[in-house]
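The values are calculated or read from the model by the stated rules, or taken from the named source; none is laboratory data. Note that the structure is predicted; figures quoted are calculated from it, not measured. In this analysis, Cβ positions are derived from the backbone assuming ideal geometry, glycine residues included, and neighbour counts consider all displayed protein chains.
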Amino acid sequence: MSTFLGLPSLRSRGAHQSDGPDAPGALAPAIAGDEVPHPDEPLRWGDTFPEAARKALGNTQLRRNLAHATSTIRAKRAAVVGEVPDWEALRTAGSDIKVDVMARLPELLEELERNVTARGGTVHWARDAAEANRIVADLVKATGETEVVKVKSMATQEIGLNEALAEEGIAAFETDLAELIVQLADDMPSHILVPAIHRNRSEIREIFLNRMESTPEGMTDAPRELAMAARAHLRRKFLSAKVAISGANFAVADTGTLAVVESEGNGRMCLTLPETLITVMGIEKLVPTFTDLEVFMQLLPRSSTGERMNPYTSLWTGVTPGDGPQDFHLVLLDNGRTKALSDDVGRAALKCIRCSACLNVCPVYERVGGHAYGSVYPGPIGAILTPQLTGSTGHSDPNSTLPFASTLCGACYEVCPVKIDIPSLLVHLRARTVEEDKAKHRPTAWGAAMKAASYVMSDADRFAKAEKGTAVLRLMGGKKGRISSLPYPGSLWTGARDLPVPPKETFRQWWARTHPEGDGGGAGREERSTTPSPDPRRGDEQRPASAATPLPAETSSTAQSPGPTDAAGNEDA
Amino acid sequence: MVDSSQIPAPTSRITVRIALAATCIADAMFPQAPQATVTLLERLGHEVVFPPEQTCCGQMHVNTGYYADALPVIKNHVETFAPVLDAEWDAVVVPSGSCTGSIRHQQAMVCRRAGQDALAATADAVAAKTYELSELLVDVLGVTDVGAHFPHRVTYHPTCHSLRMLHVGDKPLQLLRAVDGIDLVELPEAESCCGFGGTFSIKNSETSTAMLSDKMTHVKSTGAEVLTAGDYSCLMHIGGGLTRTRAGVRTMHLAEILASTRAEPTRPPAAAGTAPVEVSTR
């Protein structure tokens, strides 16, 4: 192939001049080389999470870029969310609308189809990536064009559309600045909103110099100069393109309106200038009515870019004669979504509006970056979405490691604008993995250990015996009082952390020694009467057994419907 | 959250009967935390009992996805503490944010998914009377000044589950600020996870270590002698890194600091290389 996705191959002008055989059309390296090679499956790149994370953790430049970028976005988001007095009510509204959509998805999708068709658009249904790619390729071919411009879109990343089009001889040009950087570098995105977040500006300069047409020779890494170079490059594409491909942030069922929310205006160029517009959209992107958009237009910009209002919001409904594209196609993509919908807990992941707030606050994402998740959907949302879209094929499937790629710290749930309880979904998906192992009789070391621990920990006598068994650790700790080296798998802990030796006396031994009658309450009560008390009355006080203090007063009716506590602590319970 | 209408005024000196859920990890590895909890609550004039049938809340099994193996552990916990529903005790206290979180948000769910609706209802009812230590002190017992004395430089790490599952807010800090003689310093990036995450620290040990490293950097930047938190699992993780790197910072549970008085001080354990602190209890 003489070009990559139709990009003219350019000789390197950067510091990293290729000294390899300069085969005709061979690409000069974009940069020193931290690109992730294009995977065969956009939702399953190859490495398990721990393997990919290990590589990422060793990349000091990546760590610095990510720490800087995520902390900047985090602070911006926190500031603009903090100024909205009804933020929690907005989150609840956003969540409720999406829950309603999931409950009525078939009828709402048909309503959308009717309204798009009535206004001059054509609706296509795609069960999976291959079907969607086939539909889009055929639509482009029917126009006779061999080049298309693209609006940033997760759905087309998910199906690997650019690669599929390239195989059909169609060149797709990404026009979002960050997607352009990723595409030029022959890299993969590492963030939902900021796909080149793993790059800093000097790396971007190098990529532009090596890979982009007509980049000014003396271009520095000043953001303005970089943006102007990209702008000049993209303008040429906008003015010549006859076909555009987009995703969609929202589709309104009751009007047939599509919405794209973006910051640069490049999306709007694509949505208005070409003659043909093809939109690929996941079926969960629906909202029932036009007024529902008001909730999401407040939630999305503040959560994603930390802006009060979105800069470029493009809405279009079918075809408008004499204005904008005269041929509009909407491809509705399933690709695993109905499978996710069938899981009563897992379906909450389909509420996602791709704001990426969960990535920016995630302490794991901040350390390892997006590529470690091995999917175009990285971060906490990726960890619950990717394995549901693909399903898991067992232990060898890298996606089975994704639900474990979290400490369950809960920062993601706290910022999610549609209140997806990501930690609970992660635990749920872990449980599904365990259940699948059991159902398929796949024994695991973890399974055996957990079974043994369950036996020990479900009975106090067995537990107390096991505690005595830990005395061996005291020997290992020796005089240091801590253990610094254990054989595998204990080495996974002691590689970086000491383990304290168990105490000479466990708590229950201490309790039994200091409360010799040992039946729980009795001994404690007697001893307690000898304890000095700040209240002189209490030593003499004999409490009738029935006169329990009125706190925390719980009635049996509360016991049956434990709403109040639950509602406060875990709204989505 | 606790319904404030159910909370007595702080002035009402009633003796509250409190069942202690010591937690498996503290029972076996860090008895100083439940011991200090007993010392503290008794000093405040309350009765503490230790139901000996207890073992574990089941959190490790649940969070690793082993619901079926968690069920007997949860059943044992719920049955052990069910007498709180018959006014045998007034409340259950847990010196751990994550165990309280699991009791409150996971136990009933696991029972329900196993089709054990009756056990789930009991679990929910027991959970409604179960409090993390700072919740019990501030919300239920209505006390922030527990009469403690601890003349050391201390920084506080708010553990993720206490912060985001229980929403304890600044209750532990209210308690610490009232401690006589304490030099309480703010921990930078305090709300960022330490990287423990239970089995995460094994399954993703390298990422866990990267997070731990940043947490330790922030801890050391405070110049504190003691790092405190409401959960010994997180403290085991951070403390394991601090002793490994000879950082000269000790880890102590919040209860140990609150249990310390001028007459019976809790001495901070040596930073590395000595046996765990012996807490004076009674």
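For B:LEU133, the conditions (1) more than 10 Å from chain A (Cβ to nearest Cβ); (2) surrounded by fewer than 24 Cβ atoms within 10 Å (Cβ to Cβ) are fulfilled apart from (2).
Tell me, please, whether a residue that is in contact with a helix residue (DSSP H, G or I) (Cβ under 7 Å, 6 or more places away or on another chain), outside any helix (DSSP H, G or I) and more than 27 Å from B:ASP145 (Cβ to Cβ) can be found in segment B:205-221. No.
Against the conditions (1) at negative phi; (2) within 13 Å of chain A (Cβ to nearest Cβ); (3) surrounded by fewer than 24 Cβ atoms within 10 Å (Cβ to Cβ), B:GLY142 satisfies every one except (1).
Here B:THR199 does not fit the description of being at the interface with chain A (Cβ under 7 Å from one of its Cβ atoms), touching a Phe, Trp or Tyr at 6+ places or on another chain (Cβ under 9 Å) and farther than 30 Å from B:THR261 by Cβ. Pairing residues of segment B:233-262 that are at the interface with chain A (Cβ under 10 Å from one of its Cβ atoms) with residues that are of a type in the set (Asp, Glu), at Cβ distances under 9 Å and at least 6 apart in sequence or on separate chains, gives B:GLY239/A:ASP498; B:GLY240/A:ASP498; B:GLY241/A:ASP498; B:LEU242/A:ASP498; B:THR243/A:ASP498; B:ARG244/A:ASP498. Taking the condition closer than 27 Å to A:CYS412 by Cα and either surrounded by fewer than 19 Cβ atoms within 10 Å (Cβ to Cβ) or in contact (Cβ under 8 Å) with a residue 12 or more places away in the chain (or both), does B:ALA229 pass? Spelling it out, B:ALA229 is indeed closer than 27 Å to A:CYS412 by Cα and either surrounded by fewer than 19 Cβ atoms within 10 Å (Cβ to Cβ) or in contact (Cβ under 8 Å) with a residue 12 or more places away in the chain (or both).
In segment A:485-499, the qualifying residues are those that are over 17 Å from B:GLU206 (Cβ atoms) and surrounded by 15 or more Cβ atoms within 10 Å (Cβ to Cβ), and the one that is farthest from the other protein chains (Cβ to nearest Cβ) is A:LEU499.
Scanning segment A:82-115 for residues that are of a type in the set (A, V, I, L, M), over 20 Å from the mean Cα position of the chain (by Cα) and assigned to a helix (DSSP H, G or I) gives A:ALA89, A:LEU90, A:ALA93, A:ILE97, A:VAL101, A:ALA103, A:LEU105, A:LEU108, A:LEU109, A:LEU112. The condition of being assigned to a loop (DSSP other than H, G, I, E, B) and at pLDDT 95 or above does not hold for A:GLY267. Considering only residues in segment A:460-480 that are within 7 Å of chain B (Cβ to nearest Cβ) and under 28 Å from B:PRO52 (Cα atoms), the one that is surrounded by the fewest Cβ atoms within 10 Å (Cβ to Cβ) turns out to be A:THR470.
For A:THR390, the test of being surrounded by fewer than 24 Cβ atoms within 10 Å (Cβ to Cβ), under 26 Å from A:ASP187 (Cβ atoms), at pLDDT 95 or above and more than 14 Å from chain B (Cβ to nearest Cβ) is passed.
If the condition is being surrounded by 14 or more Cβ atoms within 10 Å (Cβ to Cβ) and free of Cβ contacts under 8 Å to residues at least 60 places away in the same chain, then segment A:88-106 contributes only A:ASP96.
Just one of the listed residues (A:GLY336, A:GLY306, A:GLY369, A:GLY374) is at positive phi and touching a strand residue (DSSP E or B) at 6+ places or on another chain (Cβ under 7 Å), and it is A:GLY374.
Being under 28 Å from A:PRO288 (Cα atoms), under 21 Å from the mean Cα position of the chain (by Cα) and part of a helix (DSSP H, G or I) is not true of A:LYS76.
Is it the case, given these coordinates, that A:THR407 is surrounded by fewer than 24 Cβ atoms within 10 Å (Cβ to Cβ) and not hydrophobic (A, V, I, L, M, F, W, C)? When the stated conditions are applied, A:THR407 does not pass them.
Scanning segment B:31-70 for residues that are at the interface with chain A (Cβ under 7 Å from one of its Cβ atoms) and in contact with a strand residue (DSSP E or B) (Cβ under 7 Å, 6 or more places away or on another chain) turns up B:PRO34, B:GLU42, B:GLU47, B:VAL48, B:VAL49, B:PHE50, B:PRO51. Of all the listed residues (B:ALA108, B:ALA22, B:ALA68, B:ALA82), the sole one being among the aliphatic types (A, V, I, L, M) and either within 20 Å of the chain's Cα centre (by Cα) or not in a helix (DSSP H, G or I) (or both) is B:ALA22.
Scanning segment A:393-412 for residues that are within 12 Å of chain B (Cβ to nearest Cβ) and assigned to a helix (DSSP H, G or I) turns up A:SER400, A:THR401, A:LEU402, A:PRO403, A:PHE404, A:ALA411, A:CYS412. Of all residues in segment B:99-130, those that are more than 30 Å from B:LEU44 (Cα to Cα), buried (at least 24 other Cβ atoms within 10 Å of the Cβ) and small (Gly, Ala, Ser) total 1.
For B:VAL168, the test of being part of a loop (DSSP other than H, G, I, E, B), touching a Pro at 6+ places or on another chain (Cβ under 8 Å) and buried (at least 23 other Cβ atoms within 10 Å of the Cβ) is passed.
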